[in-house]
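First comes the structure, then the notes that go with it.
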Amino acid sequence: MSATQPKTFAVADQLKQLIRSIPDFPKPGITFYDITTLLKDKRGFAETIESLQDHYRDTAIDIVVGIEARGYFFAPAMAHALGAGFVPVRKPKKLPHTVRSVDYELEYGTDQLEIHVDAIQPGQNVLIIDDVLATGGTASAVARLVEGLEGRVAGLGFVIELTFLNGRNRLAGYDVFSLLQY
C-alpha cells in the first residue's frame, strides 16, 4: 500500500480483514458478513466509529437513531462521539410508551418498526445508523419515521453496503455513507 493512499482506503482494507464471511448463510447463495469479529477487536471497533464519525464531524447532529438490532452496536457510540442523543427504533411491541410505526416491504413479506412519538422533536437533525445497507427498505422506512416526527434526516450511515443490491437507489436525496462496500 502506498504511503500516499488516503487513510480511508487503508482503514477499509484493515476492517474488511476483521469481518468474517460465511458462505451460504442464511441460505444457499448468500454470503453473510459477520461483524461480531470486528466488534470484538478493540482497535477495529474504535476505527469503525472514528471513520464513521469523520464523515459526519462537520454535520450538526442532535439525535442518532439506531435500527434494531445490529444498528445498536454502532449508533450509541456514534451518538457519544458526536455529542448527540441516541434513539432506538424497534420491532413492534418492544417500546413501552406511545409509538409511531411504519410498515415496510421485505423480499419475503412485510415488517414493521416503531419509535416513541416523543423521541424526536420538530427540526432536530437526525443521523440514522445501521450495520448493513442491503435493499434500502429498512433504512427508507426509518427515514419516513423520522420525517413523520418532523425531524430532518441529516444522513444515513452504514458500516457495510452490499452494492449489488442497489439499496442506495431507495435512499435518493439523502446523504448516504457506507464505510465498507461488498
Taking the chain as a Gaussian network, Cα atoms linked when under 10 Å apart, which of Pro88, Pro23, Pro122 shows the biggest mean-square fluctuation?
-> Pro23
In debye, nearest 20: dipole of the stretch 4-71 around its Cα centre with unit charges on the Cβ of K, R (+) and D, E (-)?
-> 240
Expressed in nanometres to one decimal, the distance between label points 7 Å along Cα→Cβ at Lys94 and Leu106 is 1.2
Pick out, from Asn125, Gln14, Thr98, the residue whose Cα sits farthest towards the positive end of the charge dipole of the stretch 4-137, with +1 on the Cβ of Lys and Arg and -1 on the Cβ of Asp and Glu.
-> Gln14
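Indicate, rounded to the nearest 5 percent, the antiparallel portion of the DSSP beta bridges found entirely in the stretch 1-102.
The antiparallel fraction comes to roughly 45 percent.
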Note, ³J(HN,Hα) from phi for the stretch 168-179, Karplus 6.51, -1.76, 1.60, rounded to Hz, x at Gly and Pro | 4, 4, 6, 10, 4, x, 10, 7, 10, 10, 10, 6
J(HN,Hα) series, the stretch 24-31, from Karplus relation 6.51 cos²θ - 1.76 cosθ + 1.60, nearest Hz, glycine and proline x = 6, 10, x, 8, x, x, 9, 9
Under the Karplus relation 6.51 cos²θ - 1.76 cosθ + 1.60, θ = phi - 60°, what is the ordered set of whole-Hz ³J(HN,Hα) values for the stretch 127-142, x standing for Gly and Pro?
-> 9, 9, 10, 9, 6, 9, 9, 10, 7, x, x, 5, 4, 4, 5, 5
In whole Å and largest first, what semi-axes does the C-alpha gyration tensor of the stretch 117-182 yield when each eigenvalue is scaled by 5 and square-rooted?
-> 22, 11, 9
Give me the compactness ratio for the stretch 54-136, meaning the Cα radius of gyration over 2.2 N^0.38 Å.
-> 1.12
Just reorder Asp118, Asp41, Asp130 by solvent-accessible area, largest first, 1.4 Å probe, all chains present.
-> Asp118, Asp41, Asp130
Starting from the stretch 70-126, pick out the GluC sites (Glu not before Pro) whose DSSP state is loop and whose Cβ has at most 10 other Cβ atoms within 10 Å.
-> Glu107
The set of residues whose placed amide H lies less than 5 Å from the amide H of Leu133, leaving out same-chain residues fewer than 5 positions away, is Ile160, Glu161, Leu162
Amide H contacts under 5 Å for Gly85, placed H, 5+ residues apart | Ile63, Val64
How big is Rg to Rh over the stretch 39-182, alpha-carbon atoms, Rh as the Kirkwood inverse-mean-distance radius?
-> 0.94
When you take every Cα atom in the stretch 1-118, what is the radius of gyration, and what is Dmax, the widest Cα pair distance, in Å?
-> 17.3, 54
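The values are calculated or read from the model by the stated rules, or taken from the named source; none is laboratory data. Here the structure is a predicted model, which is why all the values come from computation and not from measurement. We place every Cβ from the backbone using ideal geometry, glycine too, and count neighbours over all the protein chains shown. Surface accessibility is based on the protein's heavy atoms, side chains included, excluding ligands, DNA and RNA. Shrake-Rupley method; radii C 1.70, N 1.55, O 1.52, S 1.80 Å.
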